[in-house]
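The structure appears right after this line, and notes come after that.
The values are calculated or read from the model by the stated rules, or taken from the named source; none is laboratory data. On a predicted model such as this, the values are computed, not experimentally measured, just so you know. Using ideal geometry, Cβ is built from the backbone for each residue, glycine included, and neighbour counts are taken over all protein chains shown. Surface areas here come from the heavy atoms of the whole protein model, side chains and all, with no ligands, DNA or RNA. Shrake-Rupley method; radii C 1.70, N 1.55, O 1.52, S 1.80 Å.
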Amino acid sequence: MSETGIHETALYLTFKLADEVFSIDVSQVREVLDLTSITKVPKAPEFMRGVINVRGNVVPVVDMRVKFGMPRVEGTVNTRIIVMDLILDEENVVLGAIADSVHEVLELDPGQIEPPPKIGNRWRTEFIKGIGKRDEEFIMILDVDRVFSSQEIAMVEESGSMIPRSSVEAAEGAALPA
């Protein structure tokens, strides 16, 4: 499927937002964490929940539901934070994304992936690399490097730099899963 830009078999981490199954290339995933205490950031965009401590580093966390126009919901025992690497304007950005649940890593080859439909899609097609098919299930393969604009990431990073020192220390002292 040359139209998708996906030419090789790859591994994808699948996760859910509401009833939709999404995936991202595992090469962009650093780790998956249980939902932990998130320190709020003043004047942050609505989709940004705050920051967490990941091994001594302050990492911004975004709510993917809000980013995609879904209603915000409270976390559950299944809610996870996917810590990922994005490339934006040729810079590496580490970002945590809240997902309702994380499911599995699966392998999809280009023959199982179709381009996103041009019409009738409730998601912006520039965010979608393709739609994977497994049995009767459709899996939206996100282009996470495009989900966030450079302006949004700059706002997130700027908000992170405005965090009061006491909040950063609190986030650094927060217990995280090993």
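In the set (1) farther than 16 Å from Gly132 by Cβ; (2) of a type in the set (Ser, Thr, Tyr); (3) open to solvent by 20 Å² or more (accessible area, probe 1.4 Å), Thr9 fails one condition alone, (1). Cβ-Cβ distances below 8 Å connect the following pairs, each with a first residue in the stretch 28-52 that is over 29 Å from Ala10 (Cβ atoms), a second residue that is in a loop (DSSP other than H, G, I, E, B) and at pLDDT 90 or above, and a separation of six or more residues or different chains: Gly50/Ile38; Gly50/Lys40; Val51/Ile38. When Arg49 is tested against (1) more than 20 Å from Leu86 (Cβ to Cβ); (2) touching an Asp or Glu at 6+ places or on another chain (Cβ under 6 Å); (3) modelled with pLDDT under 95, exactly one condition is not met: (1).
Go through Leu86, Leu95, Leu33 for me and flag whichever is open to solvent by less than 20 Å² (accessible area, probe 1.4 Å), among the aliphatic types (A, V, I, L, M), in contact with a strand residue (DSSP E or B) (Cβ under 7 Å, 6 or more places away or on another chain) and more than 15 Å from Val144 (Cα to Cα). Leu33 is the lone residue from the list that is open to solvent by less than 20 Å² (accessible area, probe 1.4 Å), among the aliphatic types (A, V, I, L, M), in contact with a strand residue (DSSP E or B) (Cβ under 7 Å, 6 or more places away or on another chain) and more than 15 Å from Val144 (Cα to Cα).
Scanning the stretch 45-71 for residues that are open to solvent by 10 Å² or more (accessible area, probe 1.4 Å) and of a type in the set (Gly, Ala, Ser) gives Gly56, Gly69.
Within the stretch 19-27, does at least one residue satisfy the condition of being in a loop (DSSP other than H, G, I, E, B), open to solvent by 40 Å² or more (accessible area, probe 1.4 Å) and in contact (Cβ under 8 Å) with a residue 40 or more places away in the chain? Looking through the stretch 19-27, none of the residues is in a loop (DSSP other than H, G, I, E, B), open to solvent by 40 Å² or more (accessible area, probe 1.4 Å) and in contact (Cβ under 8 Å) with a residue 40 or more places away in the chain.
For the stretch 8-29, the set of residues classified as over 11 Å from the mean Cα position of the chain (by Cα) and within 20 Å of Val54 (Cα to Cα) consists of Val26, Ser27, listed by residue number.
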